[in-house]
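Participant: Quick one: the structure is below, questions incoming.
Quick note: the coordinates plus some simple rules give every number you see, no bench work behind them. Quick caveat: nothing in here was measured; it's all calculated off a predicted structure. Please note: Cβ atoms are built from the backbone with ideal geometry, for glycine as well, and neighbour counts cover all protein chains shown.
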Amino acid sequence: MDLLNTLLDKGLRRELPTRDEALAVLATSDDELLDVVAAAGKVRRQWFGRRVKLNYLVNLKSGLCPEDCSYCSQRLGSKAEILKYTWLKPDQASEAAAAGLAGGAKRVCLVASGRGPTDRDVDRVSDTIKAIKDQNEGVEVCACLGLLSDGQAERLRDAGADAYNHNLNTSEGTYGDITTTHTYADRVDTVQKAHAAGLSACSGLIAGMGESDEDLVDVVYALRALDPDSVPVNFLIPFEGTPLAKEWNLTPQRCLRILAMVRFVCPDVEVRIAGGREVHLRTMQPLALHLANSIFLGDYLTSEGQAGKADLDMIADAGFEVEGTGEVTLPEHRATAHGGCGSHADADAGAGCGSHGGGGCGPCGSTAQEAAPEEPVHEAARGSEARTDLVSVRRRGAGTDLAPNA
Ligand code: SF4
């Protein structure tokens with residue numbers, strides 16, 4: 001297939017595909033899907049080998065957010081019955097982080113709900129970063145605290161943060177349909193502040209909110225322009241009690257095409273499968289490891305993932321290996337250029353408020369349509385059945401008395 005040969009060559013050379021080529025990946029048929037995965041998988045292996053980086057989420061502060069991100073179970077007015085608690089103390093957060101690190105994670109992502117941190121909040125998180133770093137040599141820490149004010153990124157860096165996450169989530173054109181309490185430009189500004197402070201920038205998207213293929217390509221090209229070291233790809237978890245509860249738009253095949261498109265557009269960037277992995281990829285999760293080089297271990301912010309042991313077994317069974325703390329995530333040219341993603345002595349990427357697994361910040365979109373069986377239907381327009389049975393609100397780990405899933 002000429003398209004895939006072209007995309008493979010470009011990916012190996014780190015050359016940007018055309019928008020039409022990226023759109024064509026999303027429009028491939030089920031018959032072509034394994035060829036798409038094989039081509040994008042070669043790009044993945046060129047830059048990341050068979051390594052899988054494990055990241056571990058610690059939700060420092062859950063729920064009660066004044067923002068109205070439609071995808072988020074922690075949003076203003078959310079009726080989702082999630083855990084709600086205020087700031088964890090540094091020793092509580094450190095204890096949760098230790099469980100993830102013992103399970104094989106090399107990065108801890110410290111996430112807090114809210115529009116953005118106060119200076120007092122930055123102090124709290126700085127204390128938490130120090131507590132985690134004091135007890136875990138070589139750990140990478142990413143903060144995800146919402147919109148940053150001037151000087152806060154520098155303070156987090158000085159406290160030892162390696163990375164900062166803030167997701168764009170969706171295209172500029174549809175952003176206002178998802179959130180009204182802040183803007184797309186606000187989000188871009190925070191990613192740029194993190195970059196400018198020398199933190200490794202992590203910024204990604206949420207798929208499945210009803211966006212078009214063009215929207216998906218728009219946001220991925222916008223991310224490439226921002227040049228983050230890592231790109232988390234979330235698949236919307238339609239939480240009951242949020243405005244997007246009925247948005248079951250994704251199939252496993254659609255998720256694989258999206259991940260392949262992101263890999264082709266951002267070939268040498270850490271592509272991380274984030275929230276919604278188990279819910280939408282389901283038994284196709286191992287195939288997605290050929291596209292992404294990073295996942296979250298265990299649970300998400302407000303929902304439960306599969307058992308941490310199942311994550312590890314999946315990686316081993318699929319023929320991949322967990323990336324060690326001594327290994328640098330990013331290819332040398334990126335790690336050197338950014339001081340970032342992968343070299344934990346410097347900076348790295350993470351995940352944050354807004355999208356890991358329906359915990360944080362997102363919009364709304366087209367609902368699944370049933371097509372007449374004899375009529376060909378474009379995959380993007382074909383919805384999957386609601387799998388509410390696969391959505392479990394997190395009831396263990398941070399903010400509870402029960403042991404975390406790691
Ligand atoms: S994504 Fe973040 S800012 Fe938006 S509602 Fe959720 S917690 Fe608040």
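Participant: Tell me the net charge near Cys72. Cut-off is 15 Å between Cβ atoms, Cys72 excluded, with +1 for each Lys or Arg and -1 for each Asp or Glu.
Facilitator: The answer is +1.
Participant: May I pose another question? Percent relative contact order of the range 31-168, based on C-alpha pairs within less than 8 angstrom and at least six residues apart? Provide the component values of the computation, followed by the final result.
Facilitator: Working: 202 pairs, mean separation 31.5, N = 138.
Across the range 31-168, relative contact order equals 23 percent.
Participant: Turning to a different aspect of this structure: Evaluate the relative contact order of the chain (contact order divided by residue number), counting alpha-carbon pairs under 8 angstrom at least 6 apart; express in whole percent.
Facilitator: Contact order relative to length: 26 percent.
Participant: How do 293-299, 244-250, 387-393 rank on mean C-beta neighbours within 10 Å, highest first?
Facilitator: Output ranking for 293-299, 244-250, 387-393: 293-299, 244-250, 387-393.
Participant: Checking the a/c ratio against 1.5 first, then a/b against b/c, what shape does the Cα gyration tensor give for the range 1-53?
Facilitator: It is oblate, given that a/c is not under 1.5 and a/b is not larger than b/c.
Participant: Another question about this same structure. Okay, helix-only estimate at 222 nm for the chain: each DSSP H run of n ≥ 4 adds -39500 (n - 2.57), divide by all residues, round to 500 deg cm²/dmol; what do you get?
Facilitator: Computed mean residue ellipticity for the chain: -10500 deg cm²/dmol.
Participant: Of the listed peptides 12-25, 229-242, what is their order by residue-averaged count of other C-beta atoms within 10 Å, with the highest listed first?
Facilitator: 229-242, 12-25
Participant: Positive end of the dipole of the chain, charges at C-beta (+1 Lys, Arg; -1 Asp, Glu), about the Cα centre: which of Phe320, Gly100, Ile295 has its Cα farthest in that direction?
Facilitator: About the Cα centre, the residue reaching furthest to the positive side is Gly100.
Participant: Another question, then. In whole Å, what three semi-axes, largest first, describe the equivalent ellipsoid of the chain built from its Cα gyration tensor (square root of 5 times each eigenvalue)?
Facilitator: 29, 24, 20
Participant: Over 31 Å between C-alpha atoms is what I'm after, so list which of Lys42/Lys106; Lys193/Lys309; Lys89/Lys246; Lys10/Lys309 land there.
Facilitator: Lys193/Lys309; Lys89/Lys246; Lys10/Lys309
Participant: Rounded if a/c is under 1.5, else prolate if a/b is larger than b/c, else oblate: which is the range 154-260, with a ≥ b ≥ c the root eigenvalues of its Cα gyration tensor?
Facilitator: Details: a/c = 1.93, a/b = 1.71, b/c = 1.13.
The shape class here is prolate.
Participant: Here's something else I'd like to know. How many percent of all Cα-Cα pairs in the range 113-164 sit more than 12 Å apart?
Facilitator: 59 percent
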